[in-house]
Number of protein chains: 2
Amino acid sequence: MVTYNVHVIIENKPGISDPEGETILNDLVLKGTCKTISKISTAKMLKFTINEKDKKTAEGKIQEICDELRIYNPMVSKVTINAFD
Amino acid sequence: MVTYNVHVIIENKPGISDPEGETILNDLVLKGTCKTISKISTAKMLKFTINEKDKKTAEGKIQEICDELRIYNPMVSKVTINAFD
């Protein structure tokens with residue numbers, strides 16, 4: 001059994017507006033000196049520590065848990081799961 | 001100029017408690033069938049799209065903005081910045 005760190009990134013689907021990111025961009029960043037930034041979007045991240053036999057099983061298990069427990073809303077959010085050993 | 005995607009991960013410093021992660025672990029995950037998970041911590045993520053001449057400049061610029069605008073609280077949070085092209 002190997003200990004994996006699994007990163008779960010929950011972000012809005014394309015087309016769903018992200019007022020928090022837009023506000024940081026328009027009302028904070030672009031009013032300052034840095035004009036090279038064109039977009040900011042926000043996301044939520046969960047970091048799991050899990051013991052599994054391989055990376056794929058670890059990612060699959062976490063995906064299952066996130067779906068089952070409704071950790072995110074599949075109507076509006078998309079989820080990206082990556083395991084690191 | 002290259003367009004970089006810069007990921008900013010804001011998480012609690014070690015030693016600062018994370019009630020949200022603890023609750024997901026103890027009250028949701030460990031009450032289910034999966035007992036191989038030993039830790040869950042939460043983080044906030046911001047994704048910047050920036051035009052800069054190289055990766056290092058892009059990361060430096062974003063670090064500067066995050067510090068200047070107090071995007072995170074340096075007393076309790078640590079920030080990790082990674083640029084991808």
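The values are calculated or read from the model by the stated rules, or taken from the named source; none is laboratory data. For clarity, every value in this text was computed on a predicted model and none was experimentally measured. Cβ atoms come from the backbone with ideal geometry, glycine included; neighbour counts cover every protein chain shown. Remember, those area values only see protein heavy atoms, side chains included, never the ligands or the DNA or RNA. Shrake-Rupley method; radii C 1.70, N 1.55, O 1.52, S 1.80 Å.
Quick notes
- Of note, residue A:23 satisfies the criterion of being among the β-branched types (Val, Ile, Thr), under 16 Å from residue B:8 (Cβ atoms) and surrounded by fewer than 16 Cβ atoms within 10 Å (Cβ to Cβ).
- Residue match in region A:42-60 (condition: touching an Asp or Glu at 6+ places or on another chain (Cβ under 7 Å), open to solvent by less than 70 Å² (accessible area, probe 1.4 Å), facing chain B (nearest Cβ under 7 Å) and not basic (Lys, Arg)): yes
- Residue B:31 vs. criteria closer than 30 Å to residue A:68 by Cα, open to solvent by 70 Å² or more (accessible area, probe 1.4 Å) and within 14 Å of the chain's Cα centre (by Cα): no
- Look at (1) open to solvent by 70 Å² or more (accessible area, probe 1.4 Å); (2) more than 7 Å from chain B (Cβ to nearest Cβ); (3) free of Cβ contacts under 8 Å to residues at least 60 places away in the same chain and you find that residue A:38 fails only one, number (2).
- Residue list for region A:64-75, restricted to those being surrounded by 13 or more Cβ atoms within 10 Å (Cβ to Cβ) and either of a type in the set (A, V, I, L, M, F, W, C) or more than 18 Å from residue B:43 (Cα to Cα) (or both): A:64, A:65, A:66, A:68, A:69, A:71
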